[in-house]
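Participant: Questions regarding the structure given below will be posed in turn.
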Amino acid sequence: MADVWVIGGGLAGSLLALALAERGARVRLLDPAPAQETLASSSAVAVARASALSYGGVPWWAGPPDDLGALMATAPACWQRLEARHGPLGWRPCGLRLRWEGGESPAEIASIEAALAGVQALAGRHLPAAAVLEPSSRVPRSGSLRLPYGRVDGRCLAAALPLALERAGVERQRAHAGPLLAGPLPADQVVLAAGASCRSLLPALPERLRVSWAGLLAVEDAAACSPLLPAELAGGDEIVMPLLGQRQGLEARAAQLQGEEWVVDAGLAPWGKGLLLGQTTLVRAGLAKGEPPDPLRLEAALRNALAAIDPRLAEVRAPFHQAPVSFTSPGGPLVGPVAGRPGLWVFAGFSGPFALVPPLAPLLAAAIGGDRNALARLPGC
Ligand SMILES: Cc1cc2nc3c(=O)[nH]c(=O)nc-3n(C[C@H](O)[C@H](O)[C@H](O)COP(=O)(O)OP(=O)(O)OC[C@H]3O[C@@H](n4cnc5c(N)ncnc54)[C@H](O)[C@@H]3O)c2cc1C
């Protein structure tokens, strides 16, 4: 197999590099960030790669009812296979707790009921009936629903990936790739896997590839904060999310935005010995990544929303970090060749990448290796 350069060493670029190496390609992985970076800070605003700040939730049962959703459903098996080959990467089954409160008005109760029914229909396609409770006839004002889920611990993954890449023979280069202007490529095959920076490398990528800015509080030592957590959230290996999360809705209307909009979703996720608390999501009109948003008002809004889980959480001493995240709206991720540029490929814009990247990376690696049918079943990629 030919020489392949993969630009971007986050979740997407790293798992693709492993899949390419497994097929015998000579792979060079370019990324300016240190291999083991989890959180880096620039002068005024703490900014990280999305993979370092992620909850790492594996929404394997939450995909669309098509071939892409069927691939997502294989994510737990894919992570187990990756671990059998490369050693522990942080995969573990866990719970997903969806919380709601404030169901006062008939309209609020109706949206809670609709959201519960939607989640239960999604989960019911893959989970045994016993794991998916029927919606009760009367929804309480506040409550939570716990479902089986999976997660990949970001701290563990960040520590394990550099070793796995080295053992697989992937050459890592700390370098910032420049824009891929017309002209010869620097290698036989080049893959753009630079997340939110893909467009600055190739402005002509499809319009549906967009960028949001996510923000959260990163607690290094959860023991210091567990006395602050309500009993049902402390110590459990659970990802907690609001049932009526707003991030997906904001991303879905990204193409219609006239200006900047942001939302706050008060969730939390285990993160090594620590906790991630948040998140804020800011989307701007247009396609450019732009500068990180001013963190002050976003952090204040996030602390305010966390107070809904427990007022003491608003006071947790933890830094606010931000990361640019690539997503697609409308349509599926960008996985495949770039039209009109033989040898150039793109791998970005996932919704639920911790469930999508593990099954998609081997398919894209096969396509790069010359298998013309490898990506044939992917809708809208
Ligand atoms: C708070 C938060 C919670 C999340 N929760 C979940 C979740 O529960 N489940 C889930 O599936 N997803 C979740 N996500 C989304 C997920 O983390 C990201 O979509 C995913 O990590 C993106 O991976 P990536 O490799 O595409 O991009 P990134 O991780 O951003 O990696 C891109 C890499 O490209 C590099 N790069 C940029 N420019 C260049 C250049 N010019 N040359 C070379 N390299 C370059 C960067 O340094 C970076 O390392 C969450 C994200 C956030 C921020």
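Computed from the coordinates by the stated procedures, all read-outs in this text should not be read as laboratory data. Source: prediction; values computed, not measured. Heads up, the Cβs are rebuilt from the backbone with ideal geometry, glycines too, and the neighbour counts pull from every protein chain shown.
Participant: What FRET efficiency would be calculated for the residue pair ALA301, ARG174, taking the C-beta separation as r and a Förster radius of 25 Å, to the nearest 0.05?
Facilitator: In this case the efficiency is close to 0.10.
Participant: What does the extension gain come out to for LEU181 and ALA285, with contour length at 0.36 nm per residue minus their alpha carbon separation?
Facilitator: Numbers: separation 104, 0.36 × 104 = 37.44 nm, distance 2.51 nm.
34.9 nm is the gain from fully extending LEU181 to ALA285.
Participant: In whole angstrom, how far apart do the alpha carbon centroids of segment 191-209 and segment 161-175 sit?
Facilitator: What the calculation gives is 23 Å, centre to centre.
Participant: Using just the alpha carbons, could you tell me how many Å³ per residue the convex hull of the chain encloses?
Facilitator: Working: hull volume 52.2 nm³, N = 381.
Looking at the chain, the number lands at 137 Å³ per residue.
Participant: Only bridges whose two residues both fall in the chain count here: according to DSSP, what percent of them are antiparallel, nearest 5? Don't skip to the answer; put the middle values down first.
Facilitator: Values: 42 of 63 bridges.
So the antiparallel bridges in the chain amount to around 65 percent.
Participant: What are the ³J(HN,Hα) values, in whole Hz, obtained from phi via the Karplus relation 6.51 cos²θ - 1.76 cosθ + 1.60 with θ = phi - 60°, for each residue of segment 10-20 in sequence order, with x given for Gly and Pro?
Facilitator: Karplus-based 3J(HN,Hα) across segment 10-20 equals x, 4, 5, x, 5, 5, 5, 4, 5, 5, 5 Hz.
Participant: Based on the Cβ-Cβ distance from THR74 to GLU113, what FRET efficiency comes out when R0 is 22 Å, to the nearest 0.05?
Facilitator: Details: r = 31 Å, r/R0 = 1.42.
After rounding, the FRET efficiency stands at 0.10.
Participant: Given H placed 1.01 Å from N in the peptide plane, which residues other than close sequence neighbours of LEU29 have an amide H under 5 Å from its amide H?
Facilitator: Under 5 Å from the amide H of LEU29 lie the amide H atoms of VAL6, GLU171, ARG172, GLN173, each far enough along the sequence or on another chain.
Participant: Restricting everything to alpha-carbon atoms, can you work out Rg to Rh for segment 188-265 with a Kirkwood hydrodynamic radius? Write out the running numbers ahead of the final one.
Facilitator: Working: Rg = 18.3 Å, Rh = 16.5 Å.
Over the Cα atoms of segment 188-265, Rg/Rh equals 1.11.
Participant: Here's something else I'd like to know. Where does segment 305-381 land on Rg/Rh, using Cα atoms and the Kirkwood Rh? Spell out each step's value before the answer.
Facilitator: Details: Rg = 18.7 Å, Rh = 15.3 Å.
Dividing the radius of gyration by the Kirkwood radius yields 1.22.
Participant: For the chain, set up a GNM with springs between Cα atoms under 10 Å and report which of ALA50, ALA182, ALA62 has the largest fluctuation.
Facilitator: ALA182
Participant: To continue, here is another question. Output wanted: per-residue J couplings in Hz (rounded whole) for segment 333-345, from phi through Karplus 6.51 cos²θ - 1.76 cosθ + 1.60, θ = phi - 60°, x for Gly and Pro.
Facilitator: x, 8, 9, x, x, 8, 4, x, 10, x, x, 9, 10
Participant: Would segment 209-328 count as rounded, prolate or oblate if I go by the C-alpha gyration tensor, calling it rounded below 1.5 in a/c and otherwise prolate when a/b exceeds b/c, oblate otherwise? Present the calculation step by step, with values, prior to reporting the outcome.
Facilitator: Working: a/c = 2.18, a/b = 1.99, b/c = 1.10.
Because a/c hits 1.5 or more and a/b exceeds b/c, segment 209-328 counts as prolate.
Participant: Between ARG125 and ASP371, 0.36 nm times their residue separation minus their Cα-Cα distance comes to what? Show your work: numbers first, answer last.
Facilitator: Working: separation 246, 0.36 × 246 = 88.56 nm, distance 3.11 nm.
Full-extension gain reported as 85.5 nm.
Participant: In deg cm²/dmol and to the nearest 500, what is the mean residue ellipticity at 222 nm of the chain if only DSSP H runs of at least 4 residues count, each as -39500 (n - 2.57), divided by the residue total? All intermediate terms of the calculation are to be shown ahead of the outcome.
Facilitator: Numbers: 11 runs with 109 residues, N = 381.
Helix contribution divided over all residues of the chain: -8500 deg cm²/dmol.
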